[in-house]
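The values are calculated or read from the model by the stated rules, or taken from the named source; none is laboratory data. Just so you know, these numbers come straight off a predicted model, no measurement behind them. With ideal geometry, Cβ positions are generated from the backbone for all residues, glycine too; neighbour counts draw on all protein chains shown.
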Amino acid sequence: MTAVVIIGAGSYGVVYKEYLQADGHWDVRAFLDDDPAMQGATVGGLPVLGTTEELPRLRERGIEGAFAPIGNNAVRMRLLERVRAVGLRTPNFVHASVITASQPRPDSGVYILAGTVIMPLVQIGEFVMISMGVKIAHHTTLERGVFLSTGVNVGAGIHVGERAFLGIGSTVVTKVRSVGADSMVGAGAVVLKDVPAGITVVGVPARPLPRAAAKLSQEAG
Ligand SMILES: CC(=O)SCCNC(=O)CCNC(=O)[C@H](O)C(C)(C)COP(=O)(O)OP(=O)(O)OC[C@H]1O[C@@H](n2cnc3c(N)ncnc32)[C@H](O)[C@@H]1OP(=O)(O)O
């Protein structure tokens, strides 16, 4: 068993606590959370040990690594970089039901939830987060910090840029070459053309949202 903490004691944190405990490889000791209101709380039977300022002191407590299952890609990446910087591990979590012919590198902070299927020759960058029931075809690349929501379908040979966010049930068809960095694909969208970096697309077929409406807030839930 590897002793770990979970950063973020919100709904994702509690769900991941359940997954990690059921997995049998993780001794989940506590949460860390930067919300002052959470300090001293007990969440899902585990203590909130402190804020992320505690990270440098975790080794003294015998903790070896941290998970940060946080939907905001930039925040998740920043936190996991801090975890590494203090010499802790950023383990992967791949649910036992996942069928994958393409593995992320060990300790690359990649999380893949139940029912996902990944074909061979898919590159999975560090800090990628993949929700339930996602399908990814061959020769596709997910760059660092990509988030694929529940039920996303990504075709073959597609480059998904850093921190791109694909909303629940969206599809990117095989003829698309690129979904740009920091772009957002709305829930249910069907992407038929390349998505430029930094924009939000919605609908069937997917078209850009006017910039004023696109907040890129990544409220992933
Ligand atoms: C465990 C999991 O995986 S959970 C799932 C994770 N979360 C998601 O999938 C959420 C994905 N987010 C979305 O789809 C969002 O609606 C976004 C990011 C596309 C847009 O969000 P915002 O920028 O806040 O846009 P807002 O809600 O103000 O809507 C702007 C316009 O776009 C339309 N719109 C928003 N989302 C969509 C969508 N998915 N499809 C079609 N139209 C949409 C709205 O109806 C609105 O149109 P109007 O101006 O004619 O009224």
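Brief remarks follow.
- Sole residue being in contact (Cβ under 8 Å) with a residue 24 or more places away in the chain, surrounded by 13 or more Cβ atoms within 10 Å (Cβ to Cβ) and touching a helix residue (DSSP H, G or I) at 6+ places or on another chain (Cβ under 8 Å), chosen from VAL43, VAL15, VAL5: VAL43
- Selection count, segment 158-170, where residues are among the small types (Gly, Ala, Ser), within 14 Å of the ligand (Cβ to nearest atom) and surrounded by fewer than 24 Cβ atoms within 10 Å (Cβ to Cβ): 2
- GLN103, sole failed condition from (1) modelled with pLDDT under 95; (2) part of a helix (DSSP H, G or I): (2)
- Scanning segment 171-189 for residues that are under 10 Å from VAL201 (Cα atoms) and either more than 10 Å from the ligand (Cβ to nearest atom) or of a type in the set (D, E, K, R) (or both) yields a single hit, SER183.
- Looking only at segment 73-100, and only at residues there that are part of a loop (DSSP other than H, G, I, E, B) and in contact with a strand residue (DSSP E or B) (Cβ under 6 Å, 6 or more places away or on another chain), the one that is surrounded by the fewest Cβ atoms within 10 Å (Cβ to Cβ): VAL98
- Residue within segment 190-202 that is within 23 Å of PHE127 (Cβ to Cβ), free of Cβ contacts under 8 Å to residues at least 24 places away in the same chain and of a type in the set (Lys, Arg) present: no
- Here LYS17 passes the criteria (1) more than 27 Å from MET132 (Cβ to Cβ); (2) in a helix (DSSP H, G or I) except the one numbered (1).
- Considering segment 147-157, the residues that are assigned to a loop (DSSP other than H, G, I, E, B) and within 12 Å of the ligand (Cβ to nearest atom) include one that is farthest from PHE127 (Cα to Cα), namely GLY151.
- Subset of segment 109-124 [part of a loop (DSSP other than H, G, I, E, B) and under 11 Å from the mean Cα position of the chain (by Cα)]: GLY109, VAL110, LEU113
- Every pair of residues 6+ apart whose Cβ atoms lie under 7 Å, when the first sits in segment 55-84 and is more than 11 Å from PHE127 (Cα to Cα) while the second is in a loop (DSSP other than H, G, I, E, B) and β-branched (Val, Ile, Thr): LEU55/VAL86; PRO56/VAL86; GLY65/THR90; ALA66/THR90; VAL83/THR90; ARG84/THR90
- Qualifying position, being closer than 19 Å to HIS25 by Cβ and in contact with a His (Cβ under 8 Å, 6 or more places away or on another chain), among THR90, THR116, THR141, THR100: THR116
- Checking VAL204 against (1) touching a strand residue (DSSP E or B) at 6+ places or on another chain (Cβ under 6 Å); (2) within 10 Å of the ligand (Cβ to nearest atom); (3) modelled with pLDDT of 95 or more; (4) under 17 Å from SER131 (Cβ atoms), the condition it does not meet: (4)
- Scanning segment 119-146 for residues that are more than 16 Å from the ligand (Cβ to nearest atom), on the phi < 0 side of the Ramachandran plot and free of Cβ contacts under 8 Å to residues at least 60 places away in the same chain returns MET119, PRO120, VAL122, GLN123, ILE124, GLY125, GLU126, ALA137, HIS138, THR140, THR141, GLU143.
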